[in-house]
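To keep things clear, I will list the structure first and then write my remarks on it.
The values are calculated or read from the model by the stated rules, or taken from the named source; none is laboratory data. Predicted model only: the values in this text are computed from it and were never measured. In this analysis, Cβ positions are derived from the backbone assuming ideal geometry, glycine residues included, and neighbour counts consider all displayed protein chains. Heads up: the accessible areas ignore ligands, DNA and RNA and are worked out on the full protein's heavy atoms, side chains in. Shrake-Rupley method; radii C 1.70, N 1.55, O 1.52, S 1.80 Å.
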Amino acid sequence: MNTPNTPKAAPAGTDAVMALLRAVHDALDLPLPGLTDQDEREHYYLLTDRAAAARVVLAGVLDRDHAVESAAAYLRDRTDGAPVTYTPWEDKGGPA
């Protein structure tokens with residue numbers, strides 16, 4: 001019978017990697033836009049901008065050995081600096 005290979009403690013750097021993954025998730029986790037064309041455009045531009053920032057940050061970490069901690073902090077700051085300004089879609093409880 002095989003036993004699962006569960007590490008006793010998290011490897012060094014796990015907290016930093018988790019912070020970067022959380023920052024990427026939060027950058028890309030946008031609410032759906034409202035039904036207007038303007039809301040959809042703003043959602044599209046914000047998601048495109050945040051995805052580009054996340055891609056650049058990840059490339060810096062993977063290809064240029066940037067520090068994971070500072071990459072996560074930069075992406076969090078960038079996300080905070082570009083908040084959702086469109087009206088998010090709301091479920092009004094219409095017919096199913």
**Request:** Considering only residues that are without any contact (Cβ under 8 Å) to a residue 40 or more places away in the chain, assigned to a helix (DSSP H, G or I) and of a type outside the set (S, T, N, Q), look in region 8-33 and name the one that is most open to solvent (accessible area, probe 1.4 Å).
**Result:** Asp15
**Complete:** Taking region 34-48 and keeping only residues that are part of a helix (DSSP H, G or I) and exposed (fewer than 14 other Cβ atoms within 10 Å of the Cβ), one is left with Asp37, Gln38, Arg41, Tyr44, Tyr45, Thr48
**Fill in**
The number of residues in region 49-96 that are surrounded by fewer than 11 Cβ atoms within 10 Å (Cβ to Cβ), outside any helix (DSSP H, G or I) and aliphatic (A, V, I, L, M) is 1
